[in-house]
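Notes to accompany the following structure.
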Amino acid sequence: MGAGGGRSAEADTTGEGCRMSQIPDSLDHVGPGWHPILEQLHLDIIAVDPDYTTSQVKEKFGGLRVYLASCRHPDVNALIRAAEVRAQETCEDCGAPGRIRNRAGRIWLQCLCDVCVDKEPGDG
């Protein structure tokens, strides 16, 4: 099992070679400031559907996106939407309150706080 009770991608290989995963397997696809949001979302989803799988977790246009490959519970879309809304107000780099904007010298949008917006990506 992966972190937070999720299954690791390696353990979830199907006969067709498709790797199934849960949210903890995709934390490295977004900045560390959003990890607590995703970890809580994972706990909320496994409470109603422990066998859910994701197809993609990513940042797009400054917002968090979570796409499921399978889920059998009707309330999960509302859980995902609430996490996506929370991420729109949380710095993707550090987790402080933030807003969607351009990082200094970059063209893509990210949700960043007033401190991280002026840092280079990966700076501490």
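Since every read-out is calculated from the coordinates, none of them should be taken as a lab result. On a predicted model such as this, the values are computed, not experimentally measured, just so you know. Note: ideal-geometry Cβ built from the backbone for every residue, glycine included; neighbour counts use all protein chains shown.
Points worth noting:
- Extension gain for Glu89-Ser70 works out to 4.1 nm (0.36 nm per residue, less the C-alpha to C-alpha distance).
- Least to most buried among Arg65, Arg72 (fewest other Cβ within 10 Å first): Arg72, Arg65
- Of Ile80, Ile23, Ile100, the sequence from fewest to most neighbouring Cβ atoms within 10 angstrom is Ile100, Ile80, Ile23.
- With a cut-off of 12 Å between beta carbons, the residues surrounding Lys60 carry a summed charge of -1, where Lys and Arg count +1 and Asp and Glu -1.
- The length gained by stretching the chain between Asn77 and Trp108 to full extension, at 0.36 nm per residue less their Cα-Cα distance, is 8.5 nm.
- Ranked list, fewest to most other Cβ atoms within 10 Å of each Cβ, for Glu84, Glu59: Glu84, Glu59
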